[in-house]
Amino acid sequence: IIYNGENICNWCYISKTFVSDQDIKYEPISNNLYYIKCQLNVNNNEYLTIAIDRPVMILATVAIAYNPQDHRYKKYKNHNIKIPIVNKYVPIIEEDTVDMNFGTGLKIITPAHNKRDYNIAQRHKFNIVNIFDTECKIINS
């Protein structure tokens, strides 16, 4: 079967080609967490703080997710939250795969970033936002 459509891939900006999943060696790394304060809804003085390890990915955020078992965020389901820098509003959604104990328990969803986020975006029917060109430079959008 041949399938034509958008999907996430491993891109080598040096050789300008795709790299197979089988050729990728993942190694655990320890990153810093950056805490981003985001405003809820329009004309609201309430904020939520999101912990992220790659601040550049905030540019590609399509949603903020929390685990449905995490009662801290239940009241925010179906609300919108303003993403700083890009100044756009994205929905707050429930997602079973979010780790309640990582950071603040909120996760940015960036579908072009990794397969987990891509799958979440597919389930919730979000668009893919790619912020990099073929040389891995940020696209001016």
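The values are calculated or read from the model by the stated rules, or taken from the named source; none is laboratory data. Computed from a prediction, not measured in an experiment: that's the story for all the values here. We place every Cβ from the backbone using ideal geometry, glycine too, and count neighbours over all the protein chains shown. To get the accessible areas, we keep the full protein, side chains included, count just its heavy atoms, and leave off ligands, DNA and RNA. Shrake-Rupley method; radii C 1.70, N 1.55, O 1.52, S 1.80 Å.
With a simple spin-label model that places each label point 7 Å from the Cα along the Cα-to-Cβ direction, the separation between Cys9 and Asn45 comes to 5.1 nm. The long axis of helix 115-124 is offset from the longest Cα principal axis of the chain by roughly 60 degrees.
Working note: Karplus 6.51/-1.76/1.60 with θ = phi - 60° gives region 94-102 the couplings 8, 8, 4, 7, 6, 7, 4, 9, 8 Hz, where Gly and Pro are set to x. Using θ = phi - 60° in the Karplus curve 6.51 cos²θ - 1.76 cosθ + 1.60, the 3J(HN,Hα) couplings for region 103-110 round to x, 9, x, 9, 10, 7, 9, 10 Hz; x is entered for Gly and Pro. Remark on the chain: Rg and Dmax equal 16.1, 52 Å (Cα only). Estimate the FRET efficiency between Lys77 and Glu27 by the formula 1/(1 + (r/R0)^6), using the beta-carbon distance for r and 35 Å for R0, to the nearest 0.05. With R0 = 35 Å, the Cβ-Cβ based efficiency is 0.45. Candidates Asn10, Ile29, Asn114 compared by Cα position along the dipole of the chain: farthest toward the positive end lies Asn114, with charges placed on Cβ. Pairs from the list Lys16/Lys88; Lys88/Lys137; Lys16/Lys82; Lys77/Lys107 with a Cα-Cα gap above 23 Å: Lys16/Lys88; Lys16/Lys82. Taking all protein chains together, His71, His113 sort by accessible area into His71, His113, largest first [probe 1.4 Å].
Taking trypsin sites (Lys or Arg not before Pro) in DSSP loop conformation with at most 14 other Cβ atoms inside 10 Å as exposed sites, the chain has its longest uninterrupted site-free stretch at 78-124. Over the chain, Cα pairs under 8 Å with separation of 6+ residues give a relative contact order of 23 percent. Rolling a 1.4 angstrom probe over the chain with all protein chains present gives an accessible area of which 50% lies on carbon and sulfur atoms.
With contacts taken as Cα pairs under 8 Å and at least 6 residues apart, region 76-141 reaches a relative contact order of 16 percent.
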